[in-house]
Amino acid sequence: MTITGRRLSLADFLDLPEESPALEYVDGEVIQKVSPKFRHGLLQTHFVKMVDGFGIPRKLARAAVETRCIFGGKSVVPDCVVFTWDRIPTDEHGEVPDDVTIAPDIAVEIVSPSQSAREQIDRCRWYVENGVRIALAVDPQDRDGRSVRAFRADAEAPPLRWSDRVNLGDVIPGFSFTVDELFAALRAR
């Protein structure tokens with residue numbers, strides 16, 4: 001949902017106070033993200049745990065949820081982001097900064113009940129057009145079965161389902177998971 005009735009510059013947007021759910025700056029407009037629901041949050045957390053469980057011990061990658069990234073003339077907050085080990089943003093003290101001003105290596109968007117899959121797919125396409133190496137559209141409501149679609153600069157994969165493997169090895173060497181492994185996060189126990 002658009003928040004302001006007037007167009008802002010990116011600099012003016014970045015001066016606004018943070019809100020929850022997060023605000024994003026897209027094409028001169030301020031848009032508020034959809035408030036994440038329980039299932040959405042579980043998928044985010046599970047994805048981050050899978051990436052970090054594999055990537056941190058091997059010094060390959062780190063992941064985070066709801067991280068503001070400023071790149072491509074926009075300020076967006078993907079549901080999850082992944083940075084490869086050598087690209088993890090750091091400040092002068094060797095710590096991660098508050099502001100991320102580079103494209104993540106991987107960006108993930110999870111379709112919420114009030115969003116269209118098309119909208120998230122368009123976001124994923126924009127991500128790869130602007131420096132993200134892989135963008136994933138995760139759809140818990142896909143009419144043909146829960147799905148994950150991977151977007152890369154040179155290709156768009158058809159939806160993966162059930163035991164299909166989501167291979168992120170070109171960004172995180174050796175890392176992959178099945179669609180079922182990701183959606184296992186939705187089991188109550």
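The values are calculated or read from the model by the stated rules, or taken from the named source; none is laboratory data. Small disclaimer: the values here were computed from a predicted structure and weren't measured. Neighbour counts are summed over all protein chains in view; Cβ atoms, including those assigned to glycine, are modelled from backbone coordinates with ideal geometry.
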Query raised in the report: VAL76 is checked against (1) without any contact (Cβ under 8 Å) to a residue 24 or more places away in the chain; (2) under 30 Å from ARG7 (Cα atoms) and fails just one. What number does that condition carry?
Result: (1)
Report task. Could you check, for the stretch 79-94, whether at least one of its residues is among the acidic types (Asp, Glu) and either assigned by TED's automatic domain parsing to the domain that holds ASP12 or under 22 Å from ASP170 (Cα atoms) (or both)? Result -> yes
Query raised in the report: So is ARG125 touching a residue at least 24 places away in the same chain (Cβ under 8 Å) and surrounded by fewer than 20 Cβ atoms within 10 Å (Cβ to Cβ) or not?
Result: yes
Query raised in the report: (1) among the polar types (S, T, N, Q); (2) surrounded by 15 or more Cβ atoms within 10 Å (Cβ to Cβ); (3) farther than 18 Å from ALA117 by Cα: which one isn't true of THR45, the others all being true?
Result: (2)
Report task. Considering only residues that are under 25 Å from PRO140 (Cβ atoms) and surrounded by fewer than 17 Cβ atoms within 10 Å (Cβ to Cβ), look in the stretch 51-64 and name the one that is nearest to the chain's Cα centre (by Cα). Result -> ASP52
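So which of GLN115, GLN120 ends up being modelled with pLDDT under 95 and not in a strand (DSSP E or B)? First the steps, then the outcome.
Working: GLN120 fails: modelled with pLDDT under 95.
After ruling out the rest, the residue left standing is GLN115.
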Requested in this report: Check whether at least one residue in the stretch 136-147 is touching a residue at least 60 places away in the same chain (Cβ under 8 Å) and either under 29 Å from GLU29 (Cβ atoms) or not assigned by TED's automatic domain parsing to the domain that holds VAL51 (or both), and report yes or no.
Outcome: yes
Report summary line: Checked the stretch 80-93 for anything surrounded by 23 or more Cβ atoms within 10 Å (Cβ to Cβ) and touching a Ser or Thr at 6+ places or on another chain (Cβ under 9 Å); matches are CYS80, VAL81
**Report entry** Positions within the stretch 54-101 being touching an Asp or Glu at 6+ places or on another chain (Cβ under 8 Å), polar (S, T, N, Q) and over 23 Å from VAL34 (Cβ atoms), in sequence order
**Finding:** THR84
Query raised in the report: Out of (1) among the small types (Gly, Ala, Ser); (2) surrounded by fewer than 11 Cβ atoms within 10 Å (Cβ to Cβ); (3) assigned to a helix (DSSP H, G or I), what's the single condition that is false for SER20?
Result: (3)
Report task. Can you give me the number of residues within the stretch 154-189 that are loosely packed, with under 14 Cβ neighbours inside 10 Å and in a loop (DSSP other than H, G, I, E, B)? Result -> 11
